[in-house]
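Below you'll find the structure, written out as structure tokens, and then a few comments.
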Amino acid sequence: MILIKNGTIYPITKSPFKGDILIENGQIKKIGENIEEKGAEVIDATSKYVFPGFIDAHSHIGVFEEGVGEFYYQDGNEYSNPLTPHVRALDAFYPGDKAIKRALSGGVTTVMVVPGSANPIGGQGFILKFKSDIVDEMVIRQPAGLKMAFGENPKRVYGSQNKTPMTRLGVTAVIREYFTKVKDYMRRRQEDPKTPIDFTLEIGVKVLKKEIPARCHAHRADDIVTAIRIAEEFNFDLVIEHATEGYKIADFLKKKKIPVVLGPLFGFRTKLELTDMTYEAIKIINEKGILAALMCDHPVIHLEHANIQAATALRYGAKEEDLLKMLTINPAKILKIDDRVGSIEEGKDADIVIWNTHPFNFKARAEKVFIEGKLVYSD
């Protein structure tokens, strides 16, 4: 057992308070003031700030490895075909990526790793915790979503090869054709169970059965609307990833009840789709009551700086409470793991970070990071 004493605790779902947390068997057993427990290892958190581990719901850590040089062929995109739904980020994840330790140093404990956005349908993402050097021991859920991409990225990749899809017309057409084939495959399998299994279509079945959502890369407002149009046409759940211009159609997103994973916002406008990128999007999206998380899109923004990206939004009118939720309980809800993580509550996993000061202070350091009650990082 571990007893964290006298810290300033931010439960996220309740107001901050000064008190204690008792951890037992990897879970939060008790939260309160003046907790005593014989035999527990006591950690004095006086003058420290205690938060749940941060969660990034869209990351490429471990598949776009750090420090390997420009000529290393990264494993995040299977460029060979615009439709690669059967590939899995899990099979390419490298637990030795040096960025993982630095992510822990920034208080990040849980991520969803997805393939890149080269293909209209790019493959399967999975959710993990940074608690082992064996990827299979890290996994929370696999598959956790099917990565899809609209807009400029697939256009650029396949336009350079002079083949479909070279336009937004083509990107949407190949996605629509794929799900039409999935529906026909489901019909044939139901009529004749001996129909051979097709792994490229099986993951599409999970999407159409709403067992997993589509995770749709879309920056521009029109691409966001197109992704929603396709989802409604085939009746599947989706999450909008990046949503750079989502603020322009916030009322539409609210009406459709579409969750978004915003970002990254702390950086250079590297392409046409980012021309109207603004930090004010965070304030607008939250004021509309849209379920929203904040991503680093690692390695675009290093995961260790998740707190800094969020803190910068304070300059643009965002509320501290909203920003903290975007790093914790909101991504947990989007990933449907909020019964385990995203807040400090009794019965949840003991994924807890002790900071030397508030994480939105640029001098903040994560001094101790626990995942399921195990110390995984110490400053």
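The values are calculated or read from the model by the stated rules, or taken from the named source; none is laboratory data. Note that the structure is predicted; figures quoted are calculated from it, not measured. Methodologically, a virtual Cβ is constructed for each residue, glycine included, from the backbone with ideal geometry; neighbour enumeration extends over all protein chains shown. Each accessible area value is taken on the protein alone, full model and side chains, heavy atoms only, with ligands, DNA and RNA left out. Shrake-Rupley method; radii C 1.70, N 1.55, O 1.52, S 1.80 Å.
The residues of segment 240-278 that are touching a Gly at 6+ places or on another chain (Cβ under 7 Å) and more than 16 Å from Leu294 (Cβ to Cβ), listed by number, are Lys254, Glu273. For segment 75-95, the criterion of being of a type in the set (Lys, Arg), surrounded by fewer than 21 Cβ atoms within 10 Å (Cβ to Cβ), on the phi < 0 side of the Ramachandran plot and under 18 Å from the mean Cα position of the chain (by Cα) is met by at least one residue. The residues of segment 253-298 that are part of a helix (DSSP H, G or I) and either among the basic types (Lys, Arg) or open to solvent by less than 60 Å² (accessible area, probe 1.4 Å) (or both), listed by number, are Leu253, Lys254, Lys255, Lys256, Glu273, Leu274, Ala281, Ile282, Lys283, Ile284, Ile285, Asn286. Total residues in segment 1-19 satisfying the condition of being more than 17 Å from Val369 (Cβ to Cβ) and either of a type in the set (Lys, Arg) or touching a residue at least 60 places away in the same chain (Cβ under 8 Å) (or both): the figure is 5. Within segment 269-291, one or more residues are among the small types (Gly, Ala, Ser) and closer than 25 Å to Pro16 by Cα. In segment 89-110 there is no residue matching the filter, namely being among the basic types (Lys, Arg) and within 24 Å of Val207 (Cβ to Cβ).
From the list Glu177, Glu191, Glu211, pick out the single residue that is closer than 30 Å to Arg340 by Cβ and acidic (Asp, Glu).
Residue meeting the stated conditions: Glu211.
Could you tell me how many of the residues in segment 140-196 are more than 30 Å from Asp349 (Cβ to Cβ), surrounded by 14 or more Cβ atoms within 10 Å (Cβ to Cβ) and of a type in the set (A, V, I, L, M)? Going through segment 140-196 one residue at a time, the tally reaches 9. For segment 17-51, a residue qualifies if it is under 18 Å from Pro359 (Cα atoms), assigned to a loop (DSSP other than H, G, I, E, B), touching a strand residue (DSSP E or B) at 6+ places or on another chain (Cβ under 6 Å) and open to solvent by 20 Å² or more (accessible area, probe 1.4 Å), and the qualifying residues are Thr46, Lys48. Within segment 184-197, is there a residue that is touching a residue at least 40 places away in the same chain (Cβ under 8 Å) and either assigned to a helix (DSSP H, G or I) or within 26 Å of Val63 (Cα to Cα) (or both)? Within segment 184-197 (the criterion being touching a residue at least 40 places away in the same chain (Cβ under 8 Å) and either assigned to a helix (DSSP H, G or I) or within 26 Å of Val63 (Cα to Cα) (or both)), the answer is no, since none of the residues qualifies.
Looking only at segment 126-137, how many residues end up being touching a residue at least 40 places away in the same chain (Cβ under 8 Å) and either in contact with a Phe, Trp or Tyr (Cβ under 7 Å, 6 or more places away or on another chain) or hydroxyl-bearing (Ser, Thr, Tyr) (or both)? Full working, then the answer.
Taking segment 126-137 as the starting set, the residues that turn out to be touching a residue at least 40 places away in the same chain (Cβ under 8 Å) are 127, 129-131, 135.
After this cut, where a residue has to be either in contact with a Phe, Trp or Tyr (Cβ under 7 Å, 6 or more places away or on another chain) or hydroxyl-bearing (Ser, Thr, Tyr) (or both) as well, the list is 135.
Selection size over segment 126-137: 1.
Table: residues versus (1) free of Cβ contacts under 8 Å to residues at least 60 places away in the same chain; (2) surrounded by fewer than 18 Cβ atoms within 10 Å (Cβ to Cβ); (3) in contact with a His (Cβ under 7 Å, 6 or more places away or on another chain).
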residue: Lys319; (1), (2), (3): yes, yes, no
residue: Val341; (1), (2), (3): no, no, no
residue: Gly347; (1), (2), (3): no, yes, no
residue: Pro359; (1), (2), (3): no, no, no
residue: Tyr377; (1), (2), (3): no, no, no
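Which one of these is out of contact with any helix residue (DSSP H, G or I) (no Cβ under 7 Å at 6 or more places or on another chain) and open to solvent by less than 40 Å² (accessible area, probe 1.4 Å): Leu324, Leu303? Give the derivation first.
On the way: Leu303 fails: out of contact with any helix residue (DSSP H, G or I) (no Cβ under 7 Å at 6 or more places or on another chain).
After applying the criteria, what remains is Leu324.
Here segment 197-215 is the region considered, the condition is being over 26 Å from Ile258 (Cα atoms) and open to solvent by 80 Å² or more (accessible area, probe 1.4 Å), and the residue that is farthest from the chain's Cα centre (by Cα) is Ile197. You will find that of Phe130, Phe64, the residue that is in contact with a strand residue (DSSP E or B) (Cβ under 8 Å, 6 or more places away or on another chain) and not β-branched (Val, Ile, Thr) is Phe130 and no other. Pairs are defined by a Cβ separation below 9 Å, a sequence spacing of at least 6 or placement on different chains, a first member in segment 51-79 that is under 19 Å from Ala311 (Cα atoms), and a second member that is of a type in the set (Lys, Arg) and surrounded by fewer than 24 Cβ atoms within 10 Å (Cβ to Cβ); the pairs so defined are Pro52/Lys348; Gly53/Lys129.
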